[in-house]
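Undergrad: First the structure, which I've put down as structure tokens, then a few questions once you've had a look.
The values are calculated or read from the model by the stated rules, or taken from the named source; none is laboratory data. Quick caveat: nothing in here was measured; it's all calculated off a predicted structure. Don't worry about glycine lacking a Cβ; one is built from the backbone with ideal geometry, like all the others, and counts go over all protein chains shown. Areas reflect the complete protein model, heavy atoms only, side chains present, ligands, DNA and RNA absent. Shrake-Rupley method; radii C 1.70, N 1.55, O 1.52, S 1.80 Å.
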Amino acid sequence: MSTTTAISPPEVKLTKNLINGEWCDAAGGGTFETFNPATGEPIARVAEGAKEDVEQAVGAARQALESGPWSKMSARDRGKCLYKLADLVDQNAARLAALEVLNNGKPVMEVQHADVPLVAETFRYFAGWADKITGDTIPVDRTMGNFFCYTRREPVGVCGQIIPWNFPMLMAAWKWGPALACGNTIVLKPAEQTPLTALAMGELAMEAGFPPGVINIVNGFGETAGDALVRHPGVDKIAFTGEYKTAQIINRNAADTLKRTTFELGGKSPSVVFADADLDQAVRGAMTGIFFNQGEVCCAGSRLFVEESIHDEFVDKFKTAAEKRRLGDPFDPKTHQGAQVSQEQFDKVLKYVDIGKNEDGATCVTGGERFGDKGWFVKPTIFTGVRNDMRIAQEEIFGPVVSVLKFSEMGDVIKQANMTMYGLAAAVWTQDITKAFAIADGVRAGTVWVNCYNTFDPAAPFGGYKFSGHGRENGKAALEAYSEIKTVWVNLGKR
Ligand code: ADP
């Protein structure tokens, strides 16, 4: 892994909405504050978009879809715009990383090694697809006539994309990449906690050659700007990443206009450590699984099932490793763990720590409190003595808090792993291929990691079973969610 370079807090230049290629104040003139999670101090005021701004953005997106240069652009040229955007992300990596660290609180080490390169690679991957999204020729029955039948893949239309705050840039890239490769136009609603990097990417997208109206960004709150997007009859599809409870509201509100929806939601992902595992590797994996990105990861490995015979040894090693994590200034290249994104998240995580200790009666072996006296830092927290029916084992915490559960038998651990409303990811740690496959087959989840965790690639589909959502991000599967199939029958006349 290459080294992390030091960066300083950036100047914040872009705080308006991006509509039809112009930076606009909110129609109602309002603004809202965005914060630095590491200090709790405000950074800037951002345009507070709502219904009228959404109206304008959707209008611009519709026009760009139907009559602007985008509608006439060849698929290959769409790909070239995406390649250019990927290059611009690389060229502006330090500035984008600094903005992400400032607004999200995540450490620069992770932003430079994960977020920024993955954003560029996502655009590059989907750039390659743009001129390879093809239909089929269909061998239809010829007894009725001499027909030529083929399919085309056409854009779904105007896509409303509503994203969360845990990977603000990467979530935008996951949504923009396939949508643009397929020729759609976009209205993005970033999370109100972390609007800054999406705006910086919007500026780069214009530089990359995306015509006005193809990518619009409306900042604001979920219940206003987000809701207006969900209900707007001119929006063809909503792609949402966030909590399942929000997805339920969105699904209901999108029903009147029968929008297509894709949802990437939460998780309570099980990791299973067998006694034959390489323990040091499993400990490193468990650490990445739950503490990466302050635990603010939908696929976080928050339920750790450890085989009884190695439980105590594993917990000792895990505790020692967790206590070695360096928390603090996310701009310091040596920092492993930054701050939770907001006061609300910080309070929620500590509420669950309290539930774990006092209501569930689990044992907190390390952490369980704030770190420092400013900003929203929470120490890496490990609970042992957890039962799968406890609240900390069932409810998504979205913080650096892990539940360790004991198991002794394969059938039982698969059953327990599946005893959750979610199904986003799972992991297994073992040297025995039979056990690895048994878990990979038996757990109902969209991704299974064997002796690894949190590996991502834009080519590999990602998404959930059950309450973790429907549809897939990344890979060829993502293109299906951003295109309609048109079947064309041509009567070739008498043969
Ligand atoms: P969290 O509670 O962790 O912030 P949410 O699921 O509420 O997660 O938020 C994810 C995204 O959904 C954010 O961009 C948020 O503004 C948006 N959102 C929240 N409520 C709604 C809603 N009723 N309609 C549309 N978007 C919403």
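Undergrad: Name the shape class, rounded, prolate or oblate, that the alpha-carbon gyration tensor gives for the stretch 86-151, where a ≥ b ≥ c are the square roots of its eigenvalues, rounded holds for a/c under 1.5, and otherwise prolate holds if a/b is larger than b/c and oblate otherwise.
TA: Prolate shape, in that a/c is at least 1.5 and a/b is the bigger ratio.
Undergrad: Still on this structure, please answer the following. Sort out for me the Cα centre separation of the stretch 89-166 from the stretch 167-206, rounded to whole Å.
TA: Answer, in whole Å: 10.
Undergrad: Given contacts defined as C-alpha pairs under 8 Å and at least six residues apart, what's the relative contact order of the chain, whole-number percent?
TA: 19 percent
Undergrad: Assign one of three labels to the stretch 356-484, namely rounded, prolate or oblate, based on the Cα gyration tensor with a ≥ b ≥ c the square roots of its eigenvalues; rounded applies when a/c is under 1.5, prolate when it is not and a/b is larger than b/c, and oblate otherwise. It would help to have the intermediate numbers written out before the result.
TA: On the way: a/c = 2.02, a/b = 1.35, b/c = 1.49.
Because a/c hits 1.5 or more and a/b fails to exceed b/c, the stretch 356-484 counts as oblate.
Undergrad: Here's another thing I want to ask about it. Net charge near Val428, counting Lys/Arg +1 and Asp/Glu -1 over other residues with Cβ under 12 Å of its Cβ?
TA: Here the count lands on -3.
Undergrad: Would you work out what percent of the accessible area of the stretch 270-417, with all protein chains in place, is carbon or sulfur (probe 1.4 Å)?
TA: Values: 2530 of 5590 Å².
Exposed carbon and sulfur together represent 45 percent of the surface.
Undergrad: Can I ask one more? With θ taken as phi - 60° and the coefficients 6.51, -1.76 and 1.60, list the Karplus ³J(HN,Hα) couplings across the stretch 200-205 in order, rounded to whole Hz; mark glycine and proline as x.
TA: Coupling constants for the stretch 200-205: 4, 5, x, 5, 5, 5 Hz.
Undergrad: In the calculated pair distance distribution of the stretch 84-236, what percentage of Cα-Cα distances lie above 18 Å?
TA: Value for the stretch 84-236: 61 percent of Cα pairs lie more than 18 Å apart.
Undergrad: Moving on. Heavy-atom accessible area per residue, the chain, 1.4 Å probe: how many Å²?
TA: Accessible area per residue, the chain: 40 Å².
Undergrad: OK, next. Cα centroids of the stretch 35-75 and the stretch 331-402: how far apart, whole angstrom?
TA: The two parts, judged by their Cα centres, are 34 Å apart.
Undergrad: Once you have a ≥ b ≥ c as the square roots of the Cα gyration tensor eigenvalues for the chain, tell me rounded if a/c is under 1.5, and otherwise prolate or oblate according to whether a/b is larger than b/c.
TA: Taking the square roots of the gyration eigenvalues as a ≥ b ≥ c, the chain is oblate.
Undergrad: Pop a pseudo-label 7 angstrom from the Cα along the beta-carbon direction at both Thr434 and Lys72 and give the gap in nm to one decimal.
TA: 6.6 nm
Undergrad: Gly338's amide H: which non-local residues (gap 5+, or another chain) put their own amide H closer than 5 Å, with H modeled 1.01 Å from N in plane and none for Pro or chain starts?
TA: The answer is Gln294.
Undergrad: How large is ³J(HN,Hα), in whole Hz, for each residue of the stretch 419-424 in order, when computed from phi with the Karplus curve 6.51 cos²θ - 1.76 cosθ + 1.60 and θ = phi - 60°, using x for Gly and Pro?
TA: 7, 7, 6, 9, x, 8
Undergrad: Using a 1.4 angstrom probe on heavy atoms only, work out the carbon and sulfur share of the accessible area of the stretch 151-230 in %.
TA: Using a 1.4 Å probe with all protein chains present, the stretch 151-230 comes out at 51 percent carbon and sulfur.
Undergrad: How many percent of DSSP beta bridges within the chain run antiparallel, rounded to 5?
TA: Of all bridge pairs located within the chain, approximately 45 percent are antiparallel.
Undergrad: Counting only helical runs of four or more DSSP H residues, what would the 222 nm mean residue ellipticity of the chain come to if each run contributes -39,500 (n - 2.57) and the total is spread over all its residues?
TA: Per the formula, -10500 deg cm²/dmol.
Undergrad: Could you tally the net charge around Gln337, taking each other residue with its Cβ under 13 Å from the Cβ of Gln337, Lys/Arg +1 and Asp/Glu -1?
TA: Summing Lys and Arg as +1 and Asp and Glu as -1 gives +2.
Undergrad: A further question on this structure: Taking the stretch 276-354, which trypsin sites (Lys or Arg not before Pro) meet the DSSP loop condition and have no more than 15 other C-beta atoms within 10 Å?
TA: Sparse-neighbourhood loop trypsin sites (Lys or Arg not before Pro): Lys324, Arg326, Lys334.
Undergrad: Moving on to the next point. Separation of the stretch 436-495 and the stretch 210-269 by C-alpha centroid, Å?
TA: 20 Å
Undergrad: Here is a further query. From the backbone phi of the stretch 146-157, what are the Karplus-calculated ³J(HN,Hα) couplings (6.51 cos²θ - 1.76 cosθ + 1.60, θ = phi - 60°) in whole Hz, Gly and Pro given as x?
TA: Those phi angles translate into 9, 10, 10, 10, 9, 10, 10, 9, 10, x, 5, x Hz.
Undergrad: What is the sum of charges around Asn17, taking Lys and Arg as +1, Asp and Glu as -1, for the other residues whose C-beta is under 14 Å from the C-beta of Asn17? Could the numbers behind the result be given before it?
TA: On the way: positive: Lys16, Arg45, Lys51, Lys189; negative: Glu22, Asp25, Glu48, Glu52, Asp53, Glu55, Glu192, Glu203.
Net of charged neighbours comes to -4.
Undergrad: Taking amide hydrogens as modeled 1.01 Å from N in the peptide plane, which residues meet the under 5 Å criterion relative to Phe407, leaving out close sequence neighbours?
TA: Answer set, sorted by chain and number: Val306, Glu307, Glu308.
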